[in-house]
Amino acid sequence: MSEKIPLFVVNEYEDSANDIPKLLNVKIIPPKMNFVGAFEGKKYHQKLTIQNCGKEPVFIRICPATSYAFKIKTLVRGQRLSPGLSIVRYISYTYMRATAVRYSTLPIHINDYQFKYKIIV
């Protein structure tokens, strides 16, 4: 007597923190950005790396963050990223009590897929 093996739908997403479909073969490091221990009047910088882990080139666009408290050098026109290469950008955040922002997103377009990168303070 043969057992029936249940069919499972394979989750096409890497994990809950990084909602990029595996089909795009792009890795974003870190999966979300967290600015911890911010003090008033100080400026903080963190590194964002987008790496093409696939065998095909991808087209990357980085738009401005949804909050004016975060600054990044954008790629609005886009850039072709060959296999094995990566793009490095630095996100800067100036903490001021009047503009205390707890959450923001950074729109990143990979080919035709829009990913909202999470920035948490």
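Can you give the Rg and Dmax of the range 54-121 based on its C-alpha atoms, in angstrom?
Just the Cα atoms of the range 54-121 yield Rg and Dmax of 13.7, 46 Å.
On a 18 Å Cα-Cα criterion, which of the cross-link pairs Lys47/Lys118; Lys43/Lys71; Lys55/Lys116; Lys42/Lys73; Lys71/Lys118; Lys27/Lys71 come out too long?
Over 18 Å apart, Cα to Cα: Lys55/Lys116; Lys42/Lys73; Lys27/Lys71.
None of the figures in this text is laboratory data; all of them are computed from the coordinates on show. Note that the structure is a prediction, hence the values are computed from the model and not measured.
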